[in-house]
Amino acid sequence: MDAISIENVTKSYDAVTAVSGVNLQVREGAILGLLGPNGAGKTTTIRMVMNILVPDEGTIRVLGKPVSDKTREIIGYLPEERGLYPRMQVRSLIVFLGALRGLSEAEADRRALEWLERFELSEWADKKLVDLSKGMQQKVQFITAVIHRPPLVILDEPFSGLDPVNAATVKDIMLEMRSQGSTIVLSTHRMEQVEKMCDSICLINKGRNILDGELRAIKQSYGKNTVHIEFTGPDTFLSDPAIASINRFGSGVEAKLKPGADPQQILKAAIEVGAQINRFELLEPSLNDIFIEKTAHA
Amino acid sequence: MRKIWLIVKREYITRVKTKGFVIGTLIVPLMGIFSVALVAFLVRHSEDQNVRMVIVDNAGGLAASTARSLNGAIANGKPEFTISESIERPASPDAVQQGLRARINSGALDAYLVIPGDLSQPFELHTRNPGNFALLGPLTAAVNQALIEARLRARGIHVDDVSEIARGADLQVIKVTQSGESVEKGQTLGIAIGLVILLYMSLLMYGIITMRSVLEEKTTRTMEVLISSVQPFQLLAGKIPGVAGVAFTQFLIWTVSLGLLLSYGAVMAAMFSPGSSFPAIHVPISLLIWVGFFFFGGYFLYSAMFAAIGSACSTEQDAAQLQWLAMGPLVFCMVIYSLVLNAPASTASIVLSEIPFFAPVLMPLRISIQTPPFWQEALSVVLLLLTTVGVIYASAKVYRIGVLMYGKRPTLPELVRWLRYS
């Protein structure tokens, strides 16, 4: 059974079509990265899964059941627009939301302290939310989304506003939750995070999903069409007709090959012009490249 | 049910803990104590109220009897008027008056009374403080008594003290109720007006608190988090009783403290100022029960409307415009309550007090003045309950859609359309 199944879903606001014929299956126990440029329809899709918006057409199922006010309660949800009662104490706020999500108050309190400790917020437990920094509020909100260990978690931009240390903590927690069997849907712009942790991706652009599936399979389908070269000496070989585009870094270049081109041809050309090769590696395309290619050509 | 209870608890606890609640709750009894103390203090220090006066009698023969009649005493037992001088038929009235004006301006005198030579002309009171209306009653009586005395004397009837003859009886008003009779000293009017203001203000205040509470959840985007765990209806069903609990707590503190104050006000006043009298006002328990009932009925009716309005808006400004929908009937009550006050048993009053949107203010008002027939009270209660249930049902529908709508404030036709959604 799929954790989430979206079939042919369309949603328009007045004249604007936000989502048009999106199909998506999220396998149970997987981490899915929901990608797309700004305004692609990611948040609209999530809000429809949360039954906050109702699709104009199509059906959405959560753990096999059509979305309703009931399925909403299965999902741990971190909305894109953050916000909690600003004048409540952090600890009682987490306990309140944890209790609403089915924990006993004692259990919610125990877990609240545990989570606050993990995010190094223990000394802020009795402060009002409004006294916390944006990043700290973000962490509190993350805690409230996962405190009841939901089988399905939807996180809209979970890393925004977090420093690298806290972003790493959030990432670890997500991997931990997956190992405990939770399904996670993650909407983000951070390709490197998706690349590191997602099992599958869904790329949405202009309201349509233009690419979805297992991340590994997608990358393989592109083949090893990129060469990473570090060298000293002349770089005239980079104008070889087999190279479609190049991307220069400080220490070398990443050259994307034209379909069917032979990487050996590039190596040979480099040696012929007298370049000193330090590194020559065949790579799969990065998610970033795939994203740019797919969205730029759509 | 558990979730509703959690929400009730949160609403109650977070509100009761606020500084605003503590201050608002304590200020009423403190003001009560303060005003009792103030009355006692003023009574004790009322020497200044003694009016130093000169009588200028241009007609002749009236000054002495007028002065004799000005024998009232002020609260501390001292005389109200001190007549320092009586000037009969002065040779040059203008010069005399000029002199008296100078004495008033120098502070040596408070007022002077001029009795005209021609008694068909008005008497004149020249005073620095014409706002002191309390002087006018005794002065008019004294002047009239002196006149009557003079006219009787002209007809050959000699009396030493006309007040013996002219003294009338006071009219005492006694209120008749089902449970018996009580002497009326203006307390019925006081209680009635106090009730109207109290009910109006508290219905409005708690309604707006409910509205703001909904709006806060929307503007801070807490709503999206909340509805991932609770149904909108549960949220509404927890919020309204939660705020009602706050209102109940506040009322309980107010009622008990004001009740104590009214019962022991006299004792307290005596502590501040021995020998003074403070009127004890008796508020019937049955009236308190009715008021409590209509307040909570009205609270549920109005707060459901306010909650729906809060849910339909995304900003305070939008809400400020739409809140007139709920405030309108309450304001109307304030506009027409005097109609009911003057004629509590008129057809208009009966009809108005049966209309559920006005009943929470106007029915307790009627009950406080003149107990209406039981069927009218009962009908009003039934209508109020039925309407409240209906309004809560409709509000829940608006609320369910409204809480997740952001952006433009809905128009009235849009709100009506929301009501039709299943």
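None of the figures in this text is laboratory data; all of them are computed from the coordinates on show. On a predicted model such as this, the values are computed, not experimentally measured, just so you know. So basically every Cβ, Gly included, is an ideal-geometry build from the backbone, and we count neighbours across all protein chains shown.
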The set of residues whose placed amide H lies less than 5 Å from the amide H of A:ALA244, leaving out same-chain residues fewer than 5 positions away, is A:LYS256, A:LEU257, A:LYS258
Computed over chain A: longest principal axis from alpha-carbon atoms vs helix A:105-118 long axis, angle to nearest 10 degrees, is 30
Partner shielding of A:80-88, taken as the mean number of other chain Cβ atoms within 10 Å, equals 6
Around A:ASN288 (Cβ within 9 Å, Cβ-to-Cβ, excluding A:ASN288; K/R +1, D/E -1) the net charge comes to -3
With a 32 Å threshold on alpha-carbon distance, the violating pairs from A:LYS196/B:LYS239; A:LYS42/A:LYS139; A:LYS139/A:LYS196; A:LYS11/B:LYS17; B:LYS19/B:LYS218; A:LYS128/B:LYS3 are A:LYS196/B:LYS239; A:LYS11/B:LYS17
Longest chain B segment clear of trypsin sites (Lys or Arg not before Pro) sitting in DSSP loops (not H, G, I, E or B) with at most 14 other Cβ atoms within 10 Å runs B:186-407
Two pseudo-spin positions, 7 Å from Cα along C-beta at A:ALA125 and at B:MET205, lie apart in nanometres by 3.6
Filtering chain B for DSSP H helices with an axial alpha carbon extent of at least 30 Å and a Kyte-Doolittle mean of at least -1.0 returns B:19-44, B:187-219, B:232-272, B:285-312, B:374-402
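Determine the dipole magnitude for region A:84-149: charges of +1 sit on the beta-carbon of Lys and Arg, -1 on that of Asp and Glu, nothing else is charged, the reference point is the Cα centre, and the result goes in debye to the nearest 20.
On the way: 11 positive and 9 negative charges, 52 e Å.
In total the dipole reaches around 240 debye.
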Taking 0.36 nm per residue of separation between B:ALA150 and B:GLN121 and subtracting their Cα-Cα distance, the length gained on full extension comes to 8.9 nm
Across A:96-105, the residue-averaged tally of Cβ atoms belonging to other chains within 10 Å stands at 5
Out of B:GLY207, B:GLY24, B:GLY238, a Gaussian network model of chain B with alpha-carbon springs under 10 Å gives the largest mean-square fluctuation to B:GLY24
Counting sequence-distant residues (5 or more places) and residues on other chains, those with an amide H built under 5 Å from that of A:THR183 are A:GLY29, A:LEU152, A:VAL153
Here the gain from full extension of A:GLN180 to A:LYS134, 0.36 nm per residue of separation minus their alpha-carbon distance, amounts to 13.6 nm
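Where in chain B is the longest stretch that carries no chymotrypsin sites (Phe, Trp or Tyr not before Pro) classed as loop by DSSP and with at most 15 other Cβ atoms within 10 Å?
Segment B:1-405 is the longest.
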